[in-house]
Every structure is written in structure tokens, then in C-alpha cells.
Amino acid sequence: MVSLPGPAVNPFRPDFNGFSENKKPTGATNVNPVREESFPTDDEKVRRERKEQVNKKIASQKAISVILRREATKAVIEKKKGSTRLFPGTVLEALHERIAALRWESALKVFELLREQLWYRPNSAIYVKLIVMLGKCKQPERANSLFQAMIDEGCDVNQESYTALLSAYSRSGLFRKAFSILEEMKNTPNCHPDVYTYSILIKSCLHFHEFDKVQSLLSEMVSQGVNPNTVTYNTLIDAYGKAKRFADMESTLVEMLRQRECKPDVWTMNSTLRAFGGSGQIETMEKCYDKFLSAGIQPNIKTFNILLDSYGKTGNYKKMSAVMEYMQKYHFSWTLVTYNIVIDAFGRAGDVNQMEFLFRLMQSESIKPNCVTLCSLVRGYAQNGKAEKIGGLLRYIESSDVMVDTVFFNCLVDAYGMMGCLAEMKGVLVMMESKGCEPDKITYRTMIKAYNMNGMSNHVKELRLMLSSVGKSDSRR
């Protein structure tokens, strides 16, 4: 099997025996390795470093100017609410910035300010962007209000605007309304649903496990003369794989291969490998990998991360190291995801030294750890009874700007409970409060489990009361 790219530094200690032979995997003939003679000379390195420094200064100046302009825009918007004489660029920049950040309430306020301007002219493209944003923010009724406002202002209603509204309802699982919009589109000139419309609706149905609706939509597409494209099939394959509906996934892949205009791509490849690898079907995953390679589809960093994760979680450390070797050989740069996967794998394997080595290497590559990284380290230390190491990690977090959340603290609670460090486990609640994180049901259930194992019934009763109050507060929301 193939190996993963890593940094130029060998990520394994000399005594690690997990490497397989340095063989080029089947189907990898199209990957172009970097030749040794192609490395730059010292003069070229100096020139390159100087150029990079100049580019960094230019980029820094541009970034500062953008920040200053945004701050000025924000000040103008706040100061001149109700004004009808703002510059178009000022208002439009503020609007698009809020749309991109999915700040829907603020975006709607700026849009109202936009409509008050003397120079304002209705624009369907702006309405569509707002409707799409509201759909992503699970605000379908507000999206519908904007759709009606767009009609009232005389904007042309087309297939794109209808699809945006349909997407807003389907993202919230309101399929009755979404399907009624689909029917309305069929009966409206120049608004007939296309493959993009159907693909969006199919994706939402798959997300809510409405598989029967998916089949009816696919049949309807055929009857309407709308052929599924590669995106449609990839969406189906990915969703069926995640739901472990392997028969449906394979039949969809076969159907895709029958369509001459729909060729599998690396997205198809990654979805298939993730489905089989994630369910522990390693041999099937490897066969699929070889078939995709023979079809001319080249792997990317996501492909290798999937292989790493699959091998790591099934304990195939020799194959995992072979993938890493391959990545290093063909100069695939490691990402945060790659490091998280490998750190977790060595933690599971009980190799704390290797886990820590990779964490240091990650930092030397200027890749900032996240909560996933920290949770993997905590679990690795806990499995090997290294409570003092967790303390060191917590000191690192305090001195860094890494943001931690409730998920991390729940992992910490579980780790201390697993090692029988009940005082430290209780202290996590204090740490959560200092970081502004509230305990959830998982926090209390994990603590209850640890106290039960140690026969501390008094603490269990107290925590059960706290757990019940969390349930009530959730229901009120």
C-alpha cells in the first residue's frame, strides 16, 4: 500500500520498526518524484529568501490596509445609521463581509440601510446571496420574506433564486415546503429545476436520512430529462458510505461508471475509501484504491489522510508508516489533519515518545495544534497512565493561544477518571469555569461513571442533580 507525505524530516525514530520496504505502490507511476539534482543552490536560496521577505512585507501592508478599511467602514455604518447618503462601496463591503461571516442579523440590518440609500436599485444577485446565507443559518422563513420582497421590488425571479429558497427550506429539513417549491419551479417559465437544484435537494434528504425521497428524486430527474452529474453521484456515494449503506454506495458507483459524461474523480475516490476504511474493511479499501489509480485518478493529501486514519484505527501501523514514507518521498506536505491522525494513532499504540516527537515536529513546522490534537495527546497519556504529562500539557495550553472547548474538557475528565485521579477530575470543572465553558451532559455522565467505579455514591447523587438541571435548560432552549 501507499505511504503518506510528511515533512522533509523523517518522522520516525531510528528504532521504530514500522517501516515497510521503500517500494513504489501499484498505480503510482503518474506521480512525479522530485529529483535530487533539482534542489536549489545556495545563491538561489538566498535570492528566494529575500524575495519571500519582500513578499511578506507587501502582504503585511495589504493586510493592515484591509483591516483599517474594514474598521473605518464599521465606524461609518454605526455612526450614520439612517443616513441616505453613504457611499455604495462602504455599504456593499459591509454587507458582503457580514454575508461571508454568516452574521445574518447584522447583514439584514446593513441591507435595510442599503435599501434606504438614494442610489439604491433592486439587485436580484444581492437578494440571492442573502437568501443562501439565511438558508445556511437555518432561517428559512426570513429567506422566504426576502424572496417575496425581491418579487415586490420587480427583480427577475429565475432558477437560481428559486433554488436558493428551496435550499433554505431543505437545509432545515422542511421538505414539504421544499418539494412544493420544486413543483412551483416546474410550472414557472424559465425557472425549471436543473441538476444543481436536484443535487441540493438530494443532499439535504441524505443529510436527514430521507433515503426514500432520494430515490424518488432520482427517478424524477430522469423523467424530467435532467441527468445527474459527477457532483450528484459523489454526494450520493459519500452519504451512503457515511450511513454504512454499502450496497447502495456500490450500486451508485456502478451507475456512475455507466454514464459516459460522469467520470469518477478524486472526490469519488476519497468518499469510497473513507467508507470502507472507516468501517474497518481494509482489504476492500485497498482494492478500491488500486482500481482508482489504474483508472488514472491521482490521490491528494485527503486521500492519504484517509488511508492513515484507516490504518491507524485498525492497528495496521506498518502500512500506516508505509503511507507516511510515500508522502515524504513524493513531497506531500503534512497538514494539521495529518498530524492529528498520526499523533492519535501512536497514542493508541502506546508509543508516548513517538507521539510527543510528532507533536514537537508539528510545532517546528509552524502548524498550530487544535482541540483535536490536544484530545489525542490527553487520551494517549491517559492510556499509558501518564497523569504528570497531562499536567505539563495543561501548562502548555495556559502559555499558548490555543482555544479549548467543552469537548476538550470532557476528554480531560474522561482521562482523569480512567486513571483514578478523582481530585484532578473534579478540578476540571473549575478550569472549565475559568475558560467560560459550561459542563454538558457528557461531562456529568463521565464523572458519574468514574465515581461509580470507585464506590463514591455521595458524589454520584450530587452529579445526578446537576445532570437533570442540564436537561431542563436544554429543553427550555
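The values are calculated or read from the model by the stated rules, or taken from the named source; none is laboratory data. All figures in this text were calculated on a predicted structure; none of them were measured in a lab. Virtual Cβ from ideal backbone geometry, glycine too; neighbours counted across all protein chains shown.
Note on segment 242-328: enclosed helices (runs of 4 or more DSSP H) holding 3 or more residues that are out of contact with any helix residue (DSSP H, G or I) (no Cβ under 7 Å at 6 or more places or on another chain) and either in contact (Cβ under 8 Å) with a residue 12 or more places away in the chain or of a type outside the set (D, E, K, R) (or both) are 246-258, 282-294. Can you tell me which residue is farthest from Val226 (Cα to Cα) among those in segment 252-302 that are among the small types (Gly, Ala, Ser) and buried (at least 20 other Cβ atoms within 10 Å of the Cβ)? If we take residues in segment 252-302 being among the small types (Gly, Ala, Ser) and buried (at least 20 other Cβ atoms within 10 Å of the Cβ), then Gly277 is farthest from Val226 (Cα to Cα). Every listed requirement among (1) closer than 22 Å to Val195 by Cα; (2) modelled with pLDDT of 95 or more is met by Val157 save one, (2). Comparison of Tyr127, Tyr120 shows that the only residue that is free of Cβ contacts under 8 Å to residues at least 12 places away in the same chain and under 24 Å from Glu97 (Cβ atoms) is Tyr120. All of Arg85, Arg121 fail the test of being modelled with pLDDT of 90 or more, outside any helix (DSSP H, G or I) and either hydroxyl-bearing (Ser, Thr, Tyr) or surrounded by fewer than 19 Cβ atoms within 10 Å (Cβ to Cβ) (or both), apart from Arg121. Does segment 107-114 contain at least one residue that is part of a loop (DSSP other than H, G, I, E, B) and surrounded by fewer than 19 Cβ atoms within 10 Å (Cβ to Cβ)? Scanning segment 107-114 turns up no residue that is part of a loop (DSSP other than H, G, I, E, B) and surrounded by fewer than 19 Cβ atoms within 10 Å (Cβ to Cβ). When restricted to residues that are over 19 Å from Ala349 (Cα atoms) and outside any helix (DSSP H, G or I), segment 370-418 contains 7.
The residue that is modelled with the highest pLDDT, among those in segment 426-461 that are part of a helix (DSSP H, G or I) and among the small types (Gly, Ala, Ser), is Gly427.
Only residues that are over 19 Å from Ser172 (Cβ atoms) and either among the β-branched types (Val, Ile, Thr) or in a helix (DSSP H, G or I) (or both) were counted across segment 213-227, and they come to 9.
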